[in-house]
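Every number in this text was worked out from the coordinates using simple rules, so none of it is lab data. Fair warning: this is a prediction, and the values are worked out from it, not measured in the lab. Using ideal geometry, Cβ is built from the backbone for each residue, glycine included, and neighbour counts are taken over all protein chains shown.
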Amino acid sequence: MKNLTCIFKIEMVLVFIINTVSFAQNPLIRDQFTADPSARVFGDKVYIFPSHDILAAEGKGRKDWFCMEDYHVFSSADLTHWTDHGMIVQQNSVSWVKPNSYSMWAPDCIERKGKYYFYFPSIPKDTINYKKGFTVGVAIASKPEGPYVPEPNPIKGISGIDPNVFIDKDGQAYLYWSGGNIYGAKLKENMTELDSEVKTLENLPAIGLKEGPYVFERNGIYYLTYPHVENKIERLEYATAYNPLGPFKVAGVIMDESPAGCWTNHHSIIEFKKQWYLFYHHNDLSPQFDKARSIRADYLNFNPDGTIQKVIPTLRGVGITKATDQIQIDRYFEISDKGVSISFLESQNSFKGWKTSFNQSGGWIQYNNVDFGQKKLKSVTVKVSSEKGGVLQIASKEKKQTIIAEVTVSKGSNWAEIKSPVLTMESGIQNLIVLSKGDNQIEIDWIKFE
Ligand code: FUB
């Protein structure tokens, strides 16, 4: 009995370590770097299989380059709360991967007949049979969160990175990858071997790097989406076809280049509960180094003719925030031209998050999709810092800018939690505006209703 109690305790500790829940807008994951998000709907949840960027160090990876040694999987039922299920595959536990090569690049995962197939690229130790560079392997699990068992050898016939897997309506599976061009081939029923010649997908842009293919089907149209360097850095583009292997026709741009200059972008597109989403990455937590990236999500919409409307990246991202949770208004949907700025709470530790600084009367910030529920909320708490003090107004955008609360910030507030009464409150989902009524500097970490 004593032993069982001990085992139970150890398991509790493991569960605690493995399942970290984060509450997020953009970026979605705030306690580690993540990139190349492959999102999948399995059951009633969205799972994300991203790359896991780490910082290279002496004897650990190549300086100033991508450095990745393992993969984690994350899941969410509401696209707001994300659970980290922990590490699922590690470079040195895959027999074909060159030890300590730190090259576990962009992966993908799919379900077939109750099994989950996780495809990942890396550098093989056997460089005689596999040409110099990357190849692709697969690890198999019976649950999306693992445990995954890597196949002993990589998939024969692949030289390249960024595997993407797609199963058509007739049950035929396809694997796509990149390496200069974008390639595709049929997969056997076992999902671990190619079942056709490798086809170079035609009619894509001839100039500028193309990589990170992601294929999906909607209303009989096959969409091949991919990052492409049309100018100086990658942007997300797409081509369409009536067959999974083409011929494709270039159709447009899904997301423009990063305004902050993050060189790569890499994405996936899913439909979840009747809404389409684009998952992509940026370097929010590492603005000075774009090989330490962070995954994001935004809504994606189609035109009636099936073309994709361009996605404008937001910090607000997707999902609903409960009014009674900490609302991080620095993850805004819109912001006034003057009088407000966003910066890290601690410049040396970006993982601590951001703050909003108001410094001019009339400066405002808009945070969308806050759920006030049905029960009357009585007060709002604002975590705030201000040397000279001032007044903030919190209003609902929809209800003709109804003032929900006015918060008087006292002089010398140093990350104080100031509570003020709610004046008027409508139930349900609302978009909030926070506005400053004076020119003194006021910094906000979060606001929360009770
Ligand atoms: O994450 C490493 C590489 O950067 C990926 O494989 C590319 O798609 C790019 O995002």
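Taken over the alpha carbons of region 355-406 as equal point scatterers, the Debye sum produces base-10 log I(q)/I(0) values at 0.24, 0.32 Å⁻¹ of -1.25, -1.63. Sparse packing (at most 12 other Cβ atoms within 10 Å of the Cβ) combined with a DSSP loop state is found for the following trypsin sites (Lys or Arg not before Pro) in region 344-450: LYS375, LYS376, LYS378, LYS400, LYS411. Fully extending the segment from THR307 to LYS388, taken as 0.36 nm per residue of separation minus the present Cα-Cα distance, adds 24.0 nm.
Look at HIS282, HIS81 and count the other Cβ atoms within 10 Å of each Cβ; fewest to most, that gives HIS81, HIS282. Positive-end ranking of ILE320, GLN172, LEU28 along the dipole of the chain, with charges on Cβ about the Cα centre, is headed by ILE320.
Counted by Cβ distance under 10 Å from THR314, the other residues give a net charge of +1, where Lys and Arg count +1 and Asp and Glu count -1.
Summary value for the chain: 11 percent relative contact order, contacts being C-alpha pairs under 8 angstrom separated by 6+ residues. In the distance distribution for region 24-80, Cα-Cα pairs more than 18 Å apart total 40 percent. Across region 296-371, the mean sequence separation of Cα contacts (distance under 8 Å, 6 or more residues apart), normalised by length, yields a relative contact order of 30 percent.
Of the chymotrypsin sites (Phe, Trp or Tyr not before Pro) in region 179-249, the ones in a loop by DSSP (not H, G, I, E or B) with at most 14 other beta carbons within 10 Å are TYR242. In straight-distance terms, cross-link reach from LYS273 covers every one of the lysines whose alpha-carbon lies under 24 Å from its own, apart from those fewer than eight places away in the same chain; here that gives LYS45, LYS113, LYS115, LYS143, LYS169, LYS310, LYS322. Given the pairs LYS388/LYS437; LYS338/LYS383; LYS376/LYS419, which span a C-alpha to C-alpha distance of over 19 angstrom in this model? As for pairs spanning more than 19 Å Cα to Cα, those are LYS338/LYS383. Histogrammed with a bin width of 5 Å, the alpha carbon distances of region 289-430 distribute as 2, 8, 14, 20, 20, 15, 10, 6, 3, 1, 0, 0 percent, first bin at zero. The residues PHE302, PHE358, when put in order of fewest to most other Cβ atoms within 10 Å, stand as PHE302, PHE358. Rounded, prolate or oblate: pick one for region 115-268, where a ≥ b ≥ c are the square roots of the eigenvalues of its C-alpha gyration tensor, a/c under 1.5 means rounded, and failing that, prolate if a/b is larger than b/c, else oblate. In terms of gyration-tensor shape, prolate.
Kirkwood-type hydrodynamic radius, the chain: 23.6 Å, calculated from all non-identical alpha-carbon pairs. Convex hull volume of the Cα atoms of region 198-250, normalised per residue: 73 Å³. For region 164-273, the list of trypsin sites (Lys or Arg not before Pro) that fall in a loop by DSSP and count at most 14 other C-beta atoms within 10 angstrom reads LYS169, LYS188, LYS232, LYS273. With the biggest extent put first, the Cα atoms of region 101-205 measure 34, 34, 21 Å across the principal axes. Expressed in Å, the radius of gyration and Dmax of the Cα atoms of region 309-377 are 13.9, 41. In the chain, helices alone account for a calculated mean residue ellipticity at 222 nm of -1500 deg cm²/dmol, with every DSSP H run of four or more residues adding -39,500 (n - 2.57). Would you mind classifying region 204-292 by shape? Square roots of the alpha carbon gyration tensor eigenvalues, ordered a ≥ b ≥ c; an a/c under 1.5 is rounded, otherwise it is prolate if a/b is larger than b/c and oblate if not. The shape class here is oblate.
Rg then Dmax, both in Å and based on the Cα atoms of region 370-438: 12.5, 37.
Can you give me the angle between helix 2-18 and the longest principal axis of the chain, using Cα atoms only, in degrees from 0 to 90, rounded to the nearest 10? For helix 2-18, the angle is close to 80 degrees.
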